[in-house]
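What follows draws every value from the coordinates through simple rules; no lab data is involved. Given the structure is predicted, the values throughout are model-derived calculations rather than measurements. Cβ coordinates were reconstructed from backbone atoms using ideal geometry, including for glycine residues, and neighbour counts include every protein chain displayed.
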Amino acid sequence: MARAAKAIKPIIGLVPPDPSSLSWRDMKGLLKLGQYAHSLSEHELYRIAKLVTQSSADLLEEWFELDPLKGTKAASGIIGTYLGPRSPGTAYVLLHHYMGEIDGAFRAWGFAKNGTGGVTAAIASSARALGVEIRTNAAVDKVIVRGGRAAGVALANGDELSATVVMSAADPKRSFLQFVDQQHFPDEFVQAIRNFRVRGSSGKINIALSGLPDFNCLPGEGPLHRGAISISPSIEYVERAYDDAKYGNFSRQPYMDIIFPSMIDRDMAPPGHHVMSCFVQYAPYDVAGGWDDAKKDAFGETVIATIEKYAPNIRKVIVGKQVITPQDIERIAGITGGNIFHGELLLHQLFFMRPAPQWADFRTPLSGYYFGAAGAHPGGGVMGAAGKMAATEILKDWQ
């Protein structure tokens, strides 16, 4: 265990060395972490340290041989992150996408009736049944602070709502740099949030079809149209796509994850027609020259031309398309930088450092103000884990 203790020192070294700078809750959390680490074997400690620091490419090349399999799996390590499959830390991002379960099937993804919006509608319906009031089209101007604690929110339309507790589900930049006057936070906290990386790297192309595209690998309608289709033939292919993004360009040969929601939910398109949803990387938020109509058209054309290599009839069945860039995501969803996880899943932005060291327990330096968005632990994904854990901590403080 002596050698294992040395192995964990670099990880512990990420925490401020001065115990006086930590709260009692932080100290208890670190003690619990230490107790867990002590229960692990030396082999397990090394394995954990390796998994959170290595690249998805290195991880997969230890276990698999076929390029298409490694390419497809490696793509899970770069989703929503401004990194390539050979970048350190992407092995964790890969594993992050296999958290949770769907209907008892662990490490699985599923389709929701009426899309992801159907999940939101179901949660809203359940909340209203319990007496919750939900306001939409009600932009927040600021968090009201009285007596050194959060006391409600002021809306952009002038309305003020008083509250004992305020929890933000907006991204860290908006939650702490926009909604609250920075004088209510320590300088080091404000600086940590300013440094929090939120660069959007992915785009979305939604395509309306008059029929299904015919893929060379399995001609005709088949099971592939009811699952996910990944254009990531090798690790090298995905890494080259990242090379374009490193220099501010969208990928000339992008990685894509394609689904046909209308094959599962027939209400999403008229009879005989379909919807094709394409998640695409890389599409930098701050693309060279800026995102204007011409640049968006060029990006959409690149995506269709890439699909055409695998489904030659794609252009014949296209009725219309919608191109969504990270800047569109920022504008439509209010997510700073258009990052789908409210912040990149990087080693220095994970676990007890998300969104900032000493403030990863869903509480904030402002009393009564809590944070339960994807920018909190454990990060993004359609799972609601951060919000659920934040609510648990709020209830603890109320008791």
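Quick rundown of the values:
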{"quantity": "Rounded tilt (10° steps) of 24-39 against the dominant C-alpha axis of the chain", "calculated": "60 degrees"}
{"quantity": "Shape of the range 117-175, Cα gyration tensor, a/c cut at 1.5", "calculated": "prolate"}
{"quantity": "Using alpha carbons only: equivalent-ellipsoid semi-axes of the range 202-333, gyration tensor based, whole Å", "calculated": "25, 17, 12"}
{"quantity": "Shape of the chain, Cα gyration tensor, a/c cut at 1.5", "calculated": "oblate"}
{"quantity": "Low-density loop cleavage sites - chymotrypsin sites (Phe, Trp or Tyr not before Pro) in the range 182-285, where at most 11 other Cβ are within 10 Å (DSSP)", "calculated": "247"}
{"quantity": "Computed [θ] at 222 nm, deg cm²/dmol, the chain (DSSP H ≥ 4; -39,500 (n - 2.57); rounded to nearest 500)", "calculated": "-10500 deg cm²/dmol"}
{"quantity": "Over the range 264-399: Kirkwood hydrodynamic radius from C-alpha pairwise inverse distances, Å", "calculated": "18.1 Å"}
{"quantity": "Under the Karplus curve 6.51 cos²θ - 1.76 cosθ + 1.60, θ = phi - 60°, whole-Hz ³J(HN,Hα) for the range 255-265, x wherever Gly or Pro sits", "calculated": "6, 9, 10, 10, 9, 10, x, 5, 6, 9, 10"}
{"quantity": "Ordering of 71-81, 355-365, 92-102 by packing [mean C-beta count within 10 Å, highest first]", "calculated": "71-81, 355-365, 92-102"}
{"quantity": "Under Karplus coefficients 6.51, -1.76 and 1.60, residue-wise ³J(HN,Hα) of the range 239-246 in Hz, glycine/proline x", "calculated": "5, 5, 4, 5, 4, 4, 5, 4"}
{"quantity": "Helix 42-53 vs. the chain, principal-axis angle (Cα, 0 to 90°, nearest 10)", "calculated": "60 degrees"}
{"quantity": "Rounded to whole Hz, the Karplus (6.51, -1.76, 1.60) HN-Hα couplings of the range 166-175, x for glycine and proline", "calculated": "10, 10, 9, 10, 7, 6, x, 4, 5, 4"}
{"quantity": "Nonlocal amide H pairs with residue 285, under 5 Å, H built at 1.01 Å", "calculated": "200"}
{"quantity": "Cα-based helix-to-principal-axis angle, 385-398 vs the chain, degrees rounded to 10", "calculated": "20 degrees"}
{"quantity": "Restraint check, 173/295; 50/73; 113/316; 32/396; 32/173; 50/246, Cα-Cα greater than 21 Å", "calculated": "173/295; 113/316; 32/173; 50/246"}
{"quantity": "Gain in span if fully extended, residue 191 to residue 252, counting 0.36 nm per residue against the direct Cα distance", "calculated": "18.4 nm"}
